[in-house]
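Each value in this text was obtained by applying a stated rule to the coordinates, not by laboratory testing. Small disclaimer: the values here were computed from a predicted structure and weren't measured. Cβ coordinates were reconstructed from backbone atoms using ideal geometry, including for glycine residues, and neighbour counts include every protein chain displayed.
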Amino acid sequence: MLPVAPPQPATPDDAAPPDADPGQQGAAPAATGMQQAALEAPAAAPPPPPPPPTIPDSETGSITLPAAPVAELVEESQYGPLPRVATDGRRPIDVYARPSRYVVAKAGDPPRVAILVTGLGLPDAPAGDVLKGLPAPISVAYGAYGRNLQESVSRARDEGHEVLLQIPLEPNNYPTVDPGPHTLLTTLPPQENMKRLQWLMSRYTGYVGVTNHMGDKFEATSASLTPVLEELKQRGLLYVDDGSVKDSTVSQVAGAIGLDYSVASMQIDPGNLAKQLAQLEAMAKERGSAIGVVKASPATVKQLSDWAAKLEAKGFVLVPVSAAVRSQRQS
C-alpha cells in the first residue's frame, strides 16, 4: 500500500483587505485618462469552447479526445483540481467522453456491448503499458494512487479510451480488507466522506465519471451513499456500479436524484473470459445493451482484443461505457 501524504491546507482567502488611504475616505479618486479608457473598454470575449471530436464512421475509428484539463471544467480546491460543470452547461461527461453514434438508443440499432477495464492506478495494478493493444472503444478506470497518474490517464485518452475514476468504498470486512487510503466509510459523517471524495477526485483530470473499488457495505448504506452520488451529479459526472455489490442501493439513490448511472451487467472472471463474454453478448441482445467489468492484465487485454475484432461480424457494436450508460437512461 502506498502511503498517501495528507493534503496541504489552502492559504486562507478571507484576510482583511489593506487599509484605505485616510485622505481618500468618502470620495472616489478621479480616474486618469488611461484608467478611464480602460474602464470604458468592452470586456474581452472569452475564448470559444473547443469543437467536439468528430464521430468517425466506425465506432472503432481513430478519435482525438480533447486534452485534459479543459479549463472551464476545473474548480481549484485545497486538494487540487476538481471537476465541475462549466458556466455554459457543459459537463465532464459531455466533454471527456469518447464520442459515439449510439449515445441515443434508436430502433434498429445493433446490440451495444461496453467493457470497463479496472484496477489501474491501484496498489496491485499490473506494471508496464498493460493497455497496449486494447481496442479504443473500451473504457478504463484508474484509482487515485501511484505516481504519474495524470500522465497515464492522458496517454490512455490519447489512445482513444475514455477514463473513469475508481474510488475506494468500505467493504463488509473493513479494515481486515482495506481498499486503500481515503476510503469512504459508513462510520464517518458526510462532510468527512466529502473531504475524502474530493481528495480522490483531485488526483487527475479528464474522467467522465466514477466507479467503485469494493464497497459492499458502503453501497448498501443509502444514507452514506446519497451525499456522494449527489456530489457526482452536481459535478457533471456519471456513476457505474461495477456489479460486485449484492445489496447495492445505487439504482434507488441514483434514480431518485436523476444521476446518469448504470449497474454493470456482470463482473467478468479473467479465468473464464471467453465464456463470460459470450454471456455478455446474450445479455446485450436481450436488453439492447450490456456492460461488463474486468480487471486489467496483459492476458485479459489480449483476449479482449481478439474478441472485439469479431464482434461486429456477429451483429454487435462495441461502445464506450458512457454511451451505454446514457442510452440505457434514455430507453
Setting aside same-chain residues fewer than 8 positions from K217, which lysines have a Cα under 28 Å from its Cα? K195, K233, K246, K295
Taking a ≥ b ≥ c as the square roots of the eigenvalues of the Cα gyration tensor, with a/c under 1.5 meaning rounded and otherwise prolate when a/b exceeds b/c and oblate if not, region 164-310 is prolate
Report, largest value first, the span of the C-alpha coordinates of region 168-242 along each principal axis, in whole Å. 33, 23, 22
To the nearest 0.05, how large is the calculated FRET efficiency for E312 and E192 if R₀ is 51 Å and r is the Cβ-Cβ distance? 0.60
From the P(r) of region 212-288, could you give the percentage of C-alpha pairs in the tail past 17 Å? 50 percent
Rg to Rh quotient for region 113-245, alpha carbon positions, Kirkwood Rh: 0.95
Determine how many Å³ per residue the convex hull of the Cα atoms of region 127-200 encloses. 115 Å³
Could you tell me how many cubic angstrom of Cα convex hull volume region 277-331 has per residue? 81 Å³
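Viscosity 1.306 mPa s, temperature 10 °C: give me the Stokes-Einstein translational D for region 218-263 in µm²/s, with Rh taken as the Kirkwood radius over C-alpha pairs. Let's see the in-between values first.
On the way: Rh = 10.3 Å.
Estimated diffusion coefficient is 154 µm²/s.
Using a Förster distance of 25 angstrom, determine the FRET efficiency expected from the C-beta separation of E151 and T64, and round it to 0.05. Mind showing how you got there, number by number?
On the way: r = 18 Å, r/R0 = 0.71.
Result of the calculation: an efficiency of 0.90.
So what's region 226-331 giving for Rg/Rh, alpha carbon basis, Kirkwood Rh from the mean inverse pair distance? Let's see the in-between values first.
Details: Rg = 14.8 Å, Rh = 14.9 Å.
That ratio equals 0.99.
Largest first and in whole Å, what are the equivalent-ellipsoid semi-axes of region 72-151 based on the Cα gyration tensor, each being the root of 5 times an eigenvalue? Mind dumping the intermediate values first?
Details: eigenvalues 139, 109, 15 Å².
That gives 26, 23, 9 Å for the three semi-axes.
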